[in-house]
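Below is one structure, written out as structure tokens, with a few remarks after it.
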Amino acid sequence: MSSFVSDLAERTQVWLGHRLARAPDLVVEHLTARRPMSIAGQRLEPRTQHALLLVSRSGRPPLEQLPVARARREYTRFPLVFEDPPLPLPHIEDQALEGPEGPIPIRIYHPRHPPRHPSPSHGRLPVLVYYHGGGGVVGSIETHDGLCRLIARQLRALVVSVEYRLGPEHPFPAAPEDAWAAYRGLLDRIDRLEGDPTRVAVGGDSMGGCLAAVVCQRARDEAGPMPRAQWLIYPATDRATHRPSQSLFGEGLLLTEPMMQWFSDLYLGEADRHDPRASPLHHPNLTGLPPAVVVTAGFDPLRDEGQAYAEALAAAGVPVRHRCHEGLVHGFAQMTGAVPAARRAMMDAMAQLQALLD
């Protein structure tokens, strides 16, 4: 009975949060955003400020103050509140790929009903291999289900979401090893999935952006099949360097300095923070990598390292499309149902990727 009551209370809180996050603009303008938040000359977007207020007043402790298992459960609430209900798709299936330490679960999002017997004449689809965010500690296929549905529908592409191993149970470099194994395994079965092997991109948000960048570097280093493009949404690219944005935006927002330290301690442990598999910005050679779309947020502790990676890629001769959405925060990719500016930013990011896949 107690678990039923607890589950009911949880669902009620999610429902209430979902409704409050979509309060009328008049309420947001005259109550929540009456005193706009400004840092270093930038103004936080009003609906984002409203979302942050809901998070701060929820009474729920930050992730770094929770046991790992509970932090993972807590993280699942965020997209339920700030995304729209999951979009229907013609076909979604769960499979597994062979990994270095066992099967790697994947979820495949089809924008159309797959044919029984795929053929070149049917018209193969572009493919995005997607790695979820979560600092290498939280996050899953489930937490990014809504986002992957949106991407598949908007891009009219196969989206393959990868459930890589997390720390601290599976310490670094388990995640990048799984990311690489999943990419290679997907290429081996791409014909059966109706995918176009010449139009495969890798991408992800935050930690997932790091993994996508690492996969591109490894493909180049090992002369493996190169992705057509890399799609990096506020990527974590440098665990070794403290940059100004980490101090400017390291408290009071969704991603804080204590949370980042917690992620690093659990995910990396004693590993070298300069290892390119943890900090792709520190790879000594960035030439010959696939064209990149790099998206950053103005109120994000990771803003500067994302920008630095975009600049380093460009300096190495890699075509780069970088856009910083100044009024948004880290995590906006999962706020598209409650923050119109976040939805517009993601639509723009998807259009940039689509241009590289067409």
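The values are calculated or read from the model by the stated rules, or taken from the named source; none is laboratory data. All values derive from a computational prediction rather than experimental measurement. Cβ placement follows ideal geometry from the backbone for every residue including glycine, while neighbour counts extend to all protein chains displayed. The protein model used for the area step is the full one, side chains on, heavy atoms only, and it has no ligands, DNA or RNA in it. Shrake-Rupley method; radii C 1.70, N 1.55, O 1.52, S 1.80 Å.
Full-extension gain between Arg60 and Gln95, please, as 0.36 nm times their residue separation minus the C-alpha to C-alpha distance. Don't skip to the end; give the middle numbers.
Working: separation 35, 0.36 × 35 = 12.60 nm, distance 3.43 nm.
This chain segment gains 9.2 nm when fully extended.
Under Stokes-Einstein, with the Kirkwood radius over Cα pairs standing in for Rh, what whole-number D in µm²/s applies to the stretch 122-246 at 25 °C and 0.890 mPa s?
Diffusion coefficient, whole number: 166 µm²/s.
What whole-number value in Å² describes the accessible area per residue of the stretch 249-333 for a 1.4 Å probe? If you can, show how the numbers build up before the last one.
On the way: 3200 Å² over 85 residues.
In whole numbers, the stretch 249-333 has 38 Å² accessible per residue.
For the chain, what is the percent of antiparallel DSSP beta bridges, rounded to the nearest 5?
On the way: 15 of 42 bridges.
In the chain, DSSP labels about 35 percent of beta bridges as antiparallel.
Given that just one value was derived from the coordinates, which of (1) 19.0, 69; (2) 22.4, 71; (3) 19.6, 62 is Rg and Dmax of the Cα atoms in Å?
Label of the calculated value: (3).
Per 5 Å bin, what is the whole-percent P(r) computed from every C-alpha pair distance within the stretch 243-358?
All Cα pairs considered, the percentages come to 2, 11, 17, 20, 21, 17, 10, 3, 0.
If the only charges are +1 at each Lys and Arg Cβ and -1 at each Asp and Glu Cβ, what is the size of the charge dipole of the stretch 2-98 around the Cα centre, to the nearest 20 debye? Before the final figure, lay out each step's value.
Working: 13 positive and 12 negative charges, 131 e Å.
It works out to roughly 620 debye.
Using a cut-off of 10 Å between beta-carbons, work out the net charge of the residues near Leu125 (Lys and Arg +1, Asp and Glu -1, Leu125 not included). Please report the intermediate quantities before stating the final value.
Details: positive: Arg112, Arg124, Arg156, Arg199; negative: Glu194, Asp196.
Surrounding charge for Leu125 is +2.
Within the accessible area of the chain, what % is carbon and sulfur when the probe is 1.4 Å and the other protein chains stay in place? Kindly include the intermediate steps, with their values, before the conclusion.
On the way: 8260 of 15460 Å².
Percent of accessible area from carbon and sulfur atoms in the chain: 53.
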